[in-house]
Amino acid sequence: MNDSLLTAVLVAVGVLVAIGLLCALILVIAAKFFAVKVDEKELKIRACFPGANCGACGFTGCDGYAKALAGDPTLPANLCVPGGESTAKQLGEVLGVSVDAAARQVAYVHCNGTCANTEEKYDYKGIPTCAGAKLFYGGDGACTTGCLGYGDCAKVCPSAAIFNNNGVACVDPAKCTGCGLCAKACPNLVIRLIPADAGTVVTCNNKEKGAIATKQCRNSCIGCKKCELHCHNGAIKVVENYAHIDYTKCDGCHECEGLCPRHTIKHVDFKQAQ
Amino acid sequence: MDTLKALLVILMSSVLVNNYVLNKFLGICPFLGVSKKLDQAAGMGTAVTFVMLVATAVTWPIQTFVLDKLGLGYLQTIVFILVIATLVQFVEIILKKYIPALHKSLGVYLPLITTNCAVLGVTINNIKDGYNFLEAMVSSLGCGLGFLLAMVLFAGVRSRLDSANIPESFKGLPVTLAAASIVSMSFMGFAGVVDKLFA
């Protein structure tokens, strides 16, 4: 009786062990024969990147850029915007060349049409996205080129840097990596990338002429060209009825800020925020 | 002709009537987890179908020619888990070597399938229902297609949920579960249809 019980247990254990061993053997053989050679350089390069997979470099994610860099050493190695200086430094060590970091940029919402500054044109009850609202007469705000406030930008932001500040999207410069995904998502192109060392911004995107712009928003640029005429570097140009700052020319004198009759040009300090 | 009809009944009943996700509530984890986007849902569904087929092709002979012969039917669960886990790993290695594009698009889903109870459920139920090898394979195909169908349907439902105006407390998982139960109820309509379909 005991013997047959013992045999039954032994057979069960034996079969299980045999199947387990067989499976292990198959996997070992498969791992040996079908092993894929991974380029070590590619792995090292990949390890340098922050892994945000934002696509700011123009390749399909960090893996794509690492592969391209490993295969083609002539490729510029400073395309990673979110990685900034630390990535550039690590990359330089791996590739054996000195890599200048891409100039850090931050996304900025060029609109200050908060609930206090502008009115709603109608009560929008459709799909709660900016793209959806934009389809109905250019959006529910009085200004058709300002921030719509439904957060399409916040949805695509990989670092959760965008929040809604009283009806207008606001980018936290400390969290922003400058990948530019929000700028692509905004149907009104209100969000644009500007250098992180910029000190002055135009907080309006209104393309209407002065009289209409004044009615639409208390913060609007009316295109009076006061700033353009005053700027001694020629950095400000009024195009499409609102001021644009060319940051390659701006020397950060901040004089235009006090000059603006609408207080649309504002002082910012992204460095302090970090 | 009769065999063909029997196979068709097995296929249709496993796709619609005995849908693994919506009727037997197996494989709920990927059903809720990977159904946010249509392409991902379809990828996962295809991968599960493939693994179900291969798993049945391996486990059916093991049950019939090894376990039953030795009177070790009670080892079914543990042996099947062992074999399926190995199998998925093996498939992953092969895919990585020969079809890297497919391997990349399947991504994390393949290892996920290793522990998918729907796959284990299909293989065990095939034995329990006393299917022969061909019937078991057809049944696995049907179950896989049923899983794919459920995933794709639910991905469509979820994309509509995204743009719906949902009460704050229902947002996220609660409304997803409620939607899943409604989709599941709609599949109850298929009960009893299949037997008459090929009569």
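The values are calculated or read from the model by the stated rules, or taken from the named source; none is laboratory data. Fair warning: this is a prediction, and the values are worked out from it, not measured in the lab. We place every Cβ from the backbone using ideal geometry, glycine too, and count neighbours over all the protein chains shown. These accessible areas exclude ligands, DNA and RNA; they are computed on the full protein's heavy atoms, side chains included. Shrake-Rupley method; radii C 1.70, N 1.55, O 1.52, S 1.80 Å.
Mind telling me which of the residues A:106, A:94 ends up being touching a Phe, Trp or Tyr at 6+ places or on another chain (Cβ under 9 Å) and outside any loop (DSSP other than H, G, I, E, B)? Full working, then the answer.
Values: A:94 fails: touching a Phe, Trp or Tyr at 6+ places or on another chain (Cβ under 9 Å).
Of A:106, A:94, the one residue that is touching a Phe, Trp or Tyr at 6+ places or on another chain (Cβ under 9 Å) and outside any loop (DSSP other than H, G, I, E, B) is A:106.
Note on the range A:109-125: residues that are assigned to a loop (DSSP other than H, G, I, E, B) and either touching a Leu at 6+ places or on another chain (Cβ under 7 Å) or open to solvent by 40 Å² or more (accessible area, probe 1.4 Å) (or both) total 8. Taking every residue in the range B:30-43 that is surrounded by fewer than 16 Cβ atoms within 10 Å (Cβ to Cβ) and pairing it with any residue that is modelled with pLDDT under 80, at least 6 positions away or on another chain, the pairs with Cβ-Cβ distances below 9 Å are B:33/B:112; B:39/B:105.
Within 14 Å of chain A (Cβ to nearest Cβ), farther than 30 Å from residue B:178 by Cβ and either polar (S, T, N, Q) or in contact (Cβ under 8 Å) with a residue 12 or more places away in the chain (or both): does that describe residue B:67? Walk me through how you get there before you give the answer.
Details: within 14 Å of chain A (Cβ to nearest Cβ): yes; farther than 30 Å from residue B:178 by Cβ: yes; either polar (S, T, N, Q) or in contact (Cβ under 8 Å) with a residue 12 or more places away in the chain (or both): yes.
So residue B:67 passes the test.
Can you tell me which residues in the range A:68-89 are assigned to a helix (DSSP H, G or I), among the polar types (S, T, N, Q) and over 16 Å from residue A:43 (Cβ atoms)? Across the range A:68-89, the qualifying residue is only A:86.
So that you can scan it fast, the table gives a plain yes or no per residue for (1) open to solvent by 60 Å² or more (accessible area, probe 1.4 Å); (2) of a type in the set (D, E, K, R); (3) touching a residue at least 12 places away in the same chain (Cβ under 8 Å):
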site: A:194; (1), (2), (3): no, no, yes
site: A:218; (1), (2), (3): yes, yes, yes
site: A:235; (1), (2), (3): no, no, yes
site: A:247; (1), (2), (3): no, no, yes
site: A:257; (1), (2), (3): no, yes, yes
site: A:267; (1), (2), (3): yes, no, yes
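One line per residue, one yes/no per condition, for (1) in contact with a Gly (Cβ under 7 Å, 6 or more places away or on another chain); (2) without any contact (Cβ under 8 Å) to a residue 60 or more places away in the chain; (3) among the aliphatic types (A, V, I, L, M):
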site: A:72; (1), (2), (3): no, yes, no
site: A:120; (1), (2), (3): yes, yes, no
site: A:159; (1), (2), (3): no, no, no
site: A:164; (1), (2), (3): yes, yes, no
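Examine the range A:46-61 for a residue that is within 14 Å of chain B (Cβ to nearest Cβ) and in contact with a Gly (Cβ under 8 Å, 6 or more places away or on another chain), and state whether such a residue exists. Looking for residues that are within 14 Å of chain B (Cβ to nearest Cβ) and in contact with a Gly (Cβ under 8 Å, 6 or more places away or on another chain), one finds at least one in the range A:46-61, hence yes. The listed residues are A:121, A:89, and the only one of them that is away from chain B (no Cβ under 14 Å) and over 23 Å from residue A:203 (Cβ atoms) turns out to be A:89.
When the residues of the range A:196-210 are narrowed to those that are at pLDDT 90 or above and among the hydrophobic types (A, V, I, L, M, F, W, C), which ends up surrounded by the most Cβ atoms within 10 Å (Cβ to Cβ)? By that ranking, first place goes to A:204. The requirement of being within 30 Å of residue B:166 (Cβ to Cβ), under 13 Å from the mean Cα position of the chain (by Cα), in a helix (DSSP H, G or I) and more than 14 Å from chain B (Cβ to nearest Cβ) is fulfilled nowhere in the range A:162-176; no residue meets it.
Counting only helices (runs of 4 or more DSSP H) that sit completely within the range B:66-145, those holding 2 or more residues that are under 30 Å from residue B:4 (Cβ atoms) correspond to B:76-98, B:117-128.
Looking across the range B:70-90, the residues that are open to solvent by 20 Å² or more (accessible area, probe 1.4 Å) and more than 9 Å from every other protein chain (Cβ to nearest Cβ) come down to B:73, B:76, B:77, B:81. Looking across the range B:117-131, the residues that are within 16 Å of residue B:87 (Cα to Cα) and buried (at least 24 other Cβ atoms within 10 Å of the Cβ) come down to B:118, B:119, B:122, B:123.
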